[in-house]
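What follows is a single structure, written as structure tokens, with notes after it.
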Amino acid sequence: MQKTSPSRTKSRRRKLTLAASLLGASALLGLGACASAVQNRNPMGEMFPAVIGKSLEGQEVRLPLGEPSVLLLGYVQDAQFDADRWLVGLLQIAPDVRIFEVPTLVGFFPFLFEDTIDGGMRSGIPEEDWKSVVTIYGDDADKVLDFTGNEKPRNMRVLLLDSDGKVEWFHDRGFSAGRLLELDKAISNLNGA
């Protein structure tokens, strides 16, 4: 029987732990879409719930911000395609508000893999954009989910919040160039332009 060195055993154990964590996180993210379906709702005119997330830079972010902002809420990884279309459109119209992509991971298990999940997102997002990606986990994720619902989870929930946190504009049916122009007009009206 061949004896394994302690350093080699430690390295192997670390690799197995990382592999198990990644597999677990991938499986859980996939299951998140099926976990708890909440009927979609339109929160226009309502106050966005006070929640705390963490940017990919590792900074705590309290939402709402206390200033006008656009939030792109996503509940599953497959929503990234819709998020990218919204982000490209928003960057082209260059609105005078802060824009945040807000992955919202409901349930206890994603919370256990928070570091692994955030690390995976960091590896696919340029560092200069990390401050604009704010992940919400746990009870706060549940509050957001209840606020918008998660039917058709591949569609982003796009919200324009005023400085008080009230939803001034909302859309959850996938990217639409016409809706982007409508959002641009709502932002201009909010800013008094």
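Brief remarks on what is shown
- Using R0 = 25 Å, the C-beta based FRET efficiency linking residue 78 and residue 131 works out to 0.55.
- Nitroxide proxy distance, nm - points 7 Å out along Cα→Cβ at residue 88 and residue 52: 3.7
- Under Karplus coefficients 6.51, -1.76 and 1.60, residue-wise ³J(HN,Hα) of segment 62-67 in Hz, glycine/proline x: 9, 10, x, 7, x, 8
- For residue 149, residues with placed amide H under 5 Å, excluding near neighbours: 41
- Across segment 79-94, coupling constants 3J(HN,Hα) worked out from phi with the 6.51/-1.76/1.60 Karplus curve, θ = phi - 60°, read 6, 4, 4, 5, 4, 4, 5, 4, 5, 4, x, 5, 5, 6, 7, 6 Hz, and Gly and Pro carry x.
- Taking amide hydrogens as placed 1.01 Å from N in the peptide plane, the amide H of residue 98 sits under 5 Å from those of 70, each at least 5 positions away in sequence or on another chain.
- Other-chain or far-sequence residues with amide H under 5 Å of residue 48's (modelled H): 166, 167
Rule-based calculations on the coordinates, nothing more; no lab input. On a predicted model such as this, the values are computed, not experimentally measured, just so you know. Please note: Cβ atoms are built from the backbone with ideal geometry, for glycine as well, and neighbour counts cover all protein chains shown.
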